[in-house]
Each structure stands twice: as C-alpha cells, then as structure tokens.
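The values are calculated or read from the model by the stated rules, or taken from the named source; none is laboratory data. Predicted model only: the values in this text are computed from it and were never measured. As a convention, Cβ positions derive from the backbone with ideal geometry for all residues, glycine included, and neighbour counts pool all protein chains shown. We work out accessible area using only protein heavy atoms, side chains counted, and drop any ligands, DNA or RNA first. Shrake-Rupley method; radii C 1.70, N 1.55, O 1.52, S 1.80 Å.
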Amino acid sequence: MRPTIRFGRIFGIEVGANWSVLLIAALLSFELTRGGGGASVWLVVVPMVLVFLGSLLAHELAHAVIARRNDMEVRGITLWLLGGVAQLGGAMPSAGAEFRIAVAGPATSYGLAGVFVVLALGAGAVGVAPLVVSALGWLAFVNIVLGTFNLIPAAPLDGGRILASALWAIHGDRTRADIAATRVGQAFGILAIATGVLGPAIGIPYVSLWTALMGAFVYRTATAEQRIARLVGNFADLQVRDIMIPDPETVRGWNTIQAVAADLALTPPRHHVLPVVAWEGGIGGVVTLEQLERSDPATRHSVRVQDIAVPLDRVVAARPETPVLAVAGRLGEGPLPVVLVFDDSVLVGMITPVELRGSARGAPASDRRDGAGAPTPVL
Ligand SMILES: [Zn+2]
C-alpha cells in the first residue's frame, strides 16, 4: 500500500493516505446522510468522518509507537480503502514484543470508544443537539467494531498476531506459530469473501461487497506471510556458502559477444547468469545467456561482452558467512536476480533464484520479491 498523500510526521512517524481513503470517506458520508435532514446534517457528518479517520490513525499509531519501543523499524502508516496499515521493518524480535505491538491497536480503539461514550453521555446531560449526541454514540460504536473486528484471530488481523505470539511463546517455534495463524487468516478470508458475495442475496445483515474486499485482502496477505514464514523456517540457520554455486563459471569481458557465444556453445555453462571478468582483473559485472542471445547479430563480432554486462555496482554482493535470509529479500534489488559472493574481493560463489528454490522446499521463486526483507504490514 503506497501513500499518495503525505500528512507529515506524528511522533516522528511518517503518516500518509492512499487516494482510496477518499472512497471510504465518501461512502460513509453518503450512508450517514441518507436519513435526510438537510444541509445541517453535513455539519455533523463531515467532522464525524474526519474523527473516524483519526480513530483509524490512532489505532495504527499505537501499533507503530509500541513497535518502535520494541526496537523495530517503523516505515510509516498509510490509511486506505480498508482501514490503516503500519509498515514495520524487519522481523518481530520476540513473542512478547509481537503480542504487545498487536494488542496496542485494539486497546486504543476500545479506549477511544470509552472516551466517546463519556462524551455522548455528557453531551446528552447538558442538552447538546441530539444529532451531535448520536454522532458521538456512533463514533463509540465504530471504535468498538474496529477493535473487535481486529481481534478476530486470523493473521494479518491483530487477533492473528496475538494468536501467533501465544503459539510462539508456548511451543517456541516461530515458523509453526506464523503458519498456524496465517492458515486461520486464509480460512477467514475465504469465509469473508463468500459471505460478502452471497450474504446480501440471502439476507445476512451488515455484510456487503466491502466484506468480500476485506476477505480478499486478508486472504492475500495471509498467503504471502505464510510463504515468508516457510522461507524463514527453511533458511533460518543457513549461510550464503551453504546454498551458493561455488566457483561459478565466468566469461572474459574484453572478448566479443561472438567469441564468448562460440565458447559457450562448445561448453554450455551450469548457470545462465555469468560473472564477467574485467581486463584489469577482478569481476566487472554480470551478463546473462539471454542478454548474449538477444544481442544484435550484426554487431556481435565487434561489441565486447563488458559493454552489454550489468556493471558490478548494480549487482547485489554478499559474503559467504552472510545469513541466507539477509540476501533472500535482496535478490530483486538489482536489474538481475543474482547475488555475487565475494571473500575479500575474490569471487567465490553466486546465488540465483534457482538455489533459493532448491534449498527451500515448497517455497516458490516468487518469494524473492516479497521475501524476508519485505516489511510486515500491521493492520
Ligand atoms: Zn491493528
């Protein structure tokens, strides 16, 4: 979820909104003014919707502030169509931290609901316009709904994170805990999609297309997080040297494409990404078999391989003792999905998605994009 509107910083945390938040604002305003009442209704409804968005923001800020206090990187908060998302960087440091971060959101929503109940009662007692009293009552109600909905134990909802932290604390196995919580998330997502699509037709109250959209979002996020959990589980103790292609075959950058292609035709390489040796010595970049094949046949005899290679400064590099998890998320950073492994500037190995796939049974190559380096969205 990318913010398209930036509001600035609150407690040093970047806060923004996606344009889709305007859609909930508009839908809500439409719903709330449907009873009629003329122009004066808008004077109440517009502040109501703004305070509602503020409540969403407070919920996310609570997650973010507690996350930062538990030494997690907070990349920002975005409000969008289905509520708010706080993007946290890195892995949860402990089961306790995961629990505290998750619980902070619903606790804030319930706290706000309490405040609005008190305000509504107070406003009623001193004879404020009934419209304002019911607006405060509505704000209390939506905050209770927000807190309660988020406590459903289905990751990525807060309740799912709480479930994962509890299972993690009980069994000591973080991967298993995450997989269990995201499985509930997938099941809940499917249920919400079905209810949202069929519900209005068979007369289930309070469900709509919005329920189905929320379900689809929960299902997708749960599925992505489950893949990451498996990836983390598979690679937890591995270092780059454990899975890399050792001593990869190289090509000479100063040779023409034609000369290199002729060599490769005689002795096909084991891998399709080839480090390019520079004339001065050392590695100057990488080239792929596809790049060589795609090159213009008319100029192959004159263009050197180093002229079409991806230069070294645009290739992700690692050391043999780097944890695999630290590079898995970086494979997609450069123009080519490859990590070159150097030991004191000497090339000793290489990792491509093939090695990650081979080592992570059951984890597809698409993990390299939303892999372990990806931020954790907290709803
Ligand atoms: Zn939350």
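Write down Rg/Rh for the chain, rounded to two decimals, with Rg from the C-alpha atoms and Rh from the Kirkwood relation over Cα pairs.
We get a ratio of 1.12 for the chain.
Points 7 angstrom from Cα along the Cβ direction at Tyr206 and Leu191: gap in nanometres?
In this crude label model, Tyr206 to Leu191 measures out at 1.4 nm.
Using only Cα atoms, tell me the angle between helix 257-266 and the longest principal axis of the chain; keep it within 0 to 90° and round to the nearest 10.
So the helix axis and the longest Cα principal axis differ by about 80 degrees.
Given a 1.4 Å probe and heavy atoms of the protein chains only, how would you sort Glu31, Glu60, largest accessible area at the top?
Glu31, Glu60
Highest GNM mean-square fluctuation, the chain, Cα pairs closer than 10 Å: which of Arg357, Arg176, Arg314?
Most flexible of the set in this elastic network: Arg314.
Accessible area, 1.4 Å probe, largest first: how do Val118, Val218 sort?
Working: Val118 100, Val218 0 Å².
Result of the area sort, largest leading: Val118, Val218.
Could you list the residues of segment 262-288 with an amide nitrogen less than 18 Å from a label point located 7 Å from the Cα of Asp307 in the Cα-to-C-beta direction?
Counting backbone N atoms under 18 Å from the label point, the list is 262, 276-280, 284-288.
Antiparallel versus total DSSP beta bridges in the chain: what percent is that, nearest 5?
Taking every DSSP beta bridge with both residues in the chain, the antiparallel ones total about 80 percent.
With the Cα gyration tensor of segment 201-262 in hand, convert its eigenvalues to equivalent ellipsoid semi-axes via √(5λ) and list them largest first in whole Å. Walk me through the numbers on the way to the answer.
Working: eigenvalues 527, 90, 9 Å².
Semi-axes, largest first: 51, 21, 7 Å.
Label 7 Å along Cα→Cβ of Val115; segment 140-160 residues with amide nitrogen under 15 Å?
140-144, 147
Please work out the C-alpha center-to-center distance from segment 171-243 to segment 1-71 and express it in whole Å.
One Cα centre to the other: 25 Å.
Please give the helix 95-125 orientation as an angle from the longest Cα principal axis of the chain, in degrees from 0 to 90, rounded to the nearest 10.
Once rounded, the angle reads 30 degrees.
Taking 41 Å as R0, compute the FRET efficiency from the Cβ-Cβ separation of Leu50 and Ile152 and round it to 0.05.
Using R0 = 41 Å, I get an efficiency of 0.95.
Taking R0 as 45 Å, what's the FRET efficiency between Asp296 and Glu321 from their Cβ-Cβ distance, rounded to 0.05?
Plugging the Cβ-Cβ distance into 1/(1 + (r/R0)^6) gives 0.60.
What figure, in Å² to the nearest 10, do you get for the accessible area of Arg330 with a 1.4 Å probe and non-protein molecules left out?
Arg330 has an accessible surface of roughly 90 Å² with all protein chains in place.
Could you check the spin-label model distance between Leu27 and Val126? Points 7 Å from the Cα along Cα→Cβ, value in nm.
Output for this residue pair reads 3.6 nm.
Just by accessible area at a 1.4 angstrom probe, what is the order of Tyr110, Tyr206 from largest to smallest?
Heavy-atom accessible area, descending, gives Tyr206, Tyr110.
Mean-square fluctuation check for the chain, GNM, Cα pairs under 10 Å: which of Pro268, Pro106, Pro323 is largest?
Checking each option, the largest mean-square fluctuation is seen for Pro268.
Roughly how tilted is helix 174-202, in degrees to the nearest 10 and between 0 and 90, from the longest Cα axis of the chain?
Roughly 50 degrees between the two axes.
Taking only C-alpha pairs under 8 Å that are 6+ residues apart, what is the relative contact order of the chain in percent?
Relative contact order comes out at 14 percent.
What accessible surface, in Å², does a 1.4 Å probe find on Asp296, ignoring ligands, DNA and RNA and rounding to the nearest 10?
80
Ignoring ligands and nucleic acids, what accessible area does Trp42 show with a 1.4 Å probe (Å², nearest 10)?
Rounded to the nearest 10, that gives 120 Å².
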